[in-house]
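A short worksheet on the structure shown next.
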Amino acid sequence: MSAPGPALSHQDTTAAERGPHPVRITLSINGTAHDLDVEPRVSLLDALREHLALTGAKKGCDQGTCGACTVWVEGRRVLACLTLAVACEGREVTTIEGLAPEAEPHPVQRAFVEHDAFQCGYCTPGQIMSAVALLEEGHTTGDAEIKEWMSGNICRCAAYPNIRAAIRAVRDQT
Ligand code: FES
Ligand code: FES
């Protein structure tokens, strides 16, 4: 049996309990700069939801497997739960709230409504952020390709056929 290590001093325990110090960062979200104090370990998803009250990006698994937290950084899809907020300083972040004005929804948002592409709606912001990027990337030649490039976005309600129909409809309009 190994010998126990040295006991933590009162000072060490206090420092451990305090945790890492917050750092001041500026995030550009949907074209607006926000100053916030976050611990270096805070994810972009928590910074958006807990610090900035931007709750469009959803927390499903919080471990990179469901896609509910999908946002764009510099126009590319990222999983906000696996991205550190501090790593986004100086880069433009786009969330579902910044996709289009509320009075004038994005064509993909309209297509999701028209094609009944959701039930509970929890996965929908992530699905839409992925779908818009997918259309811009041009990965929409057929159902198999759409399925493959949307495979990071899980829908527990299994609205997949309707989600693909919405994507095809927007593809065919353009
Ligand atoms: S919450 Fe980020 S992938 Fe599930
Ligand atoms: S609509 Fe319910 S999880 Fe996708």
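Figures for the structure shown
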| read-out | value |
| --- | --- |
| Selection within region 113-134 - free of Cβ contacts under 8 Å to residues at least 40 places away in the same chain, of a type in the set (A, V, I, L, M, F, W, C) and in a helix (DSSP H, G or I) | 113, 128, 131, 132, 134 |
| Residue 67 being touching a helix residue (DSSP H, G or I) at 6+ places or on another chain (Cβ under 7 Å), farther than 16 Å from residue 155 by Cβ and in contact (Cβ under 8 Å) with a residue 40 or more places away in the chain | no |
| Residue match in region 91-112 (condition: part of a loop (DSSP other than H, G, I, E, B), in the same structural domain as residue 58 (by TED's automatic domain parsing), surrounded by fewer than 22 Cβ atoms within 10 Å (Cβ to Cβ) and touching a residue at least 60 places away in the same chain (Cβ under 8 Å)) | yes |
| Members of region 148-174 found to be charged (D, E, K, R), closer than 22 Å to residue 122 by Cβ and exposed (fewer than 13 other Cβ atoms within 10 Å of the Cβ), listed by number | 156 |
| Failed item in (1) β-branched (Val, Ile, Thr); (2) more than 30 Å from residue 37 (Cα to Cα); (3) under 15 Å from the mean Cα position of the chain (by Cα), with residue 96 passing the rest | (2) |
| Residue that is closer than 30 Å to residue 23 by Cβ and over 15 Å from the mean Cα position of the chain (by Cα), where the choices are 137, 114, 89 | 89 |
| Search result, residues across region 135-171 that are more than 16 Å from ligand 1 (Cβ to nearest atom), in a loop (DSSP other than H, G, I, E, B) and without any contact (Cβ under 8 Å) to a residue 40 or more places away in the chain | 138, 139, 140, 141, 142, 158 |
| Search result, residues across region 113-137 that are among the β-branched types (Val, Ile, Thr) and either closer than 27 Å to residue 25 by Cβ or surrounded by 17 or more Cβ atoms within 10 Å (Cβ to Cβ) (or both) | 124, 128, 132 |
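The values are calculated or read from the model by the stated rules, or taken from the named source; none is laboratory data. This is a predicted model, so every value here is computed, not measured. Note that each Cβ is placed from the backbone with ideal geometry, even for glycine, and that neighbours are counted across all protein chains shown.
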